[in-house]
Every structure is written in C-alpha cells, then in structure tokens.
Amino acid sequence: MLRDPDRHVMEKAYARWAPVYDALCGPIFLTGRRAAASAARDAGRKILEIGVGTGLSFDDYDSGNEITGIDLSEPMIARARERLSSGRYPFVKELHVMDASDLRFPDATFDCVVGQFVITLVENPERVLSECARVLKPGGQIILVNHLYSEKGFAAAVERLLANKARAMGLRPEFPFARLAAWADAHGGAEVIERRKVPPFGLYPLVRFRRTDMQQRAA
Ligand SMILES: C[S@@+](CC[C@H](N)C(=O)[O-])C[C@H]1O[C@@H](n2cnc3c(N)ncnc32)[C@H](O)[C@@H]1O
C-alpha cells in the first residue's frame, strides 16, 4: 500500500476543489452521505462531522440534531458557512477549521462522530479514529462512509494503478477495510458493529463502530 496522504497536499487539493465540489461530487456521493446521516440520526443528538467539507450533508439532518462540523480546508469551510447563512440549518451549531487528528473538544462530548468520504484522505487514519473515539460518550458511535479498497480482482488492480495520480487530486482509491478493523482491535475501546454496502451499487460501504468502556491500548 502507498503511504498515507500528506495533509498539505490535501489542503492544496481541496482549495482547488472548493469552488466546484458541490457540482461534481454532490450527486456522486449522495446515497452514501444520506445513509451515514440516517445512521447518525439514530445514534444520538449531538453529532460531530469530521471533514464536513462544503456542508452538503446539512440537508440530511433536522432539528432533532445538534451538528458540529470541522474541516482542515479553510475554502471548504467557507462554502459551508455560506450554506449556513441561508438560515435553513439552525441545527448546525458550530463550524471550525480543524484537523481531525487533533480535535479541540473535551473527552466524551458527542453521541456520534460521522466521517463521510474523509478517513482514507487523512495523514494518520488511526490517530483520527482514536480522536473520534476520545470525543465520544461511552456507547457513542463512529460512522464512516467511504470507498474502500476492493482487495481483489479487476477493480483492485485498477485502484492500485490510479492510486498515485489520485493522491494529488485529493482522492485515494486504495484503502482496505482491514485497516479500520485493526484499529478497533488495537484501540481496545471500540468495536465494529456494522459493515454494509450502500445501495444502489454498493460502491461506498458504511462502517459503524461503537465506543465501549474498555481502556485505550494504542493510538
Ligand atoms: C472528499 S471531501 C468530503 C467532504 C464531505 N464530507 C462530503 O461528503 O461532501 C474530503 C474532505 O475531508 C477534508 N479533510 C482532509 N483531511 C482532513 C483532516 N485531517 N481533518 C479534517 N478534514 C480533512 C478535506 O478538506 C475535504 O473537505
């Protein structure tokens, strides 16, 4: 597997993506985003969305939620703030430019942390997951939706071929589910409770972890 993405490469890439992101990525990721938000609504009221981007997910929440969004990219968050200024999303309480690997929230703050199309793009996915677990209340959930590596067959070969070029564009096609499961095993305070394909094509699996009361073994 290639090394994890550099955060400065991602910042540059998403500064370029910000003006066109909604038009190009809005429709492609729609079903994945909706599935993740729907699972998050069931998990509790206080939701943190890491890598919230331009706030395309705001439409998938309602007044039963209290949303905090963070993103590494200032231009992406600026778009989310514009969206918020419409007044249609009073349940979005806070938006911050922040690195998901260094969350500036106290322990046990949220019922749920959602990451839509972000975990494969961060510099240190295990550290980000540990930060997500830290800010969760016991019993809270981490919900990820992402393209995950096909692991075998033609799709896996194409993903490996595209991986280098994709990185500079802020994309990452090669990232296995096994790495997420290994983090949960090593952490000791989180367990995988669901892994399912999201219709219509199952391109973006949804993975849910539950925060347990056990002690953290590794970051
Ligand atoms: C593919 S976009 C997804 C945006 C949004 N979640 C959506 O589904 O439309 C990935 C987002 O993750 C953000 N990101 C990348 N690395 C990050 C990090 N370390 N911390 C927070 N956000 C990060 C990028 O700036 C970008 O906005």
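The table for this structure:
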| item | result |
| --- | --- |
| Filtered trypsin sites (Lys or Arg not before Pro), segment 14-108: DSSP coil and at most 11 other beta carbons within 10 Å | 88, 104 |
| q = 0.14, 0.18, 0.19, 0.28 Å⁻¹, segment 94-138: log10 I(q)/I(0) [Debye, one scatterer per Cα] | -0.30, -0.50, -0.56, -1.17 |
| Distance cut-off 20 Å, percentage of C-alpha pairs in segment 1-95 lying past it | 39 |
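Bear in mind these aren't lab numbers, they're just calculated from the coordinates by the rules spelled out. Source: prediction; values computed, not measured. Reconstructed Cβ throughout: ideal geometry from the backbone, glycine too, with neighbour counts over all protein chains shown.
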